[in-house]
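Visitor: Mind having a look at this structure? Questions to follow.
Read-outs throughout are calculated quantities, based only on the coordinates presented, and are distinct from any laboratory measurement. Note that the structure is a prediction, hence the values are computed from the model and not measured. As a convention, Cβ positions derive from the backbone with ideal geometry for all residues, glycine included, and neighbour counts pool all protein chains shown.
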Amino acid sequence: MVRKLKQRRRRRERAISLTGLAETFIIGDQALKATAGVGIIPFFTEGWAGPKSTRIDNSWEITLGEMANGLMGGDFGIGSQFNAAHGDQPGGNALAIVKRNMASNGVQAVLTAVATPVIFRFGKKVFRKPINAGNRLLKGTGVRI
């Protein structure tokens, strides 16, 4: 009896989902607004990709550039009046910033984190045919809708 050789099944690489990427971006944006007080794009770009804009210029909003500056021995972008009002202890100011941002943006962030996946799931069901057509067009690119 001749033994049959089994062919190994090749695993396809997972494609990047544009809808999954958008869903993650929306949830991440709200999470950063609830903790740092700014959206995801200003959080990563302010102070790095050019001069700091005037819309991110108060002590309640903190960016990655300000965090890096503070860790290198600078000020965390926090003014002296804020330090005087909240005490100049290590970590105390950061905790005050997160606490205030959670009080003002926390409910919206939680609702967005809960509602976004539900809305995307509903949208995927409603727009199934156009999504499938788009996926057929994008087949082989490593991107899907």
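Visitor: If r is the Cβ-Cβ distance from residue 16 to residue 60 and R0 is 25 Å, what FRET efficiency results, to the nearest 0.05?
Guide: 0.10
Visitor: Could you sort the peptides 99-105, 16-22 by per-residue average Cβ neighbour count (10 Å cutoff), highest mean leading?
Guide: Highest-to-lowest ranking by the protection proxy: 99-105, 16-22.
Visitor: Still on this structure, please answer the following. List the lysines whose Cα lies under 24 Å from the Cα of residue 33, skipping any in the same chain that are fewer than 8 positions away.
Guide: Here the lysines satisfying the reach criterion relative to residue 33 are 52, 99.
Visitor: If amide H atoms are built 1.01 Å from N in the plane of the peptide, which residues on other chains or at least 5 residues away come under 5 Å of the amide H of residue 17?
Guide: For residue 17, whose amide H was placed from the backbone, the distant partners under 5 Å are 144.
Visitor: Let me ask you something else. Sticking with the crude label model, points 7 Å out along Cα→Cβ, report the distance from residue 8 to residue 71 in nm, one decimal please.
Guide: 4.0 nm
Visitor: Here's a follow-up. Starting with the highest mean, order 3-9, 122-128, 108-114 by the number of other Cβ atoms within 10 Å, averaged over the residues of each peptide.
Guide: Ranking the peptides 3-9, 122-128, 108-114 by packing returns 108-114, 122-128, 3-9.
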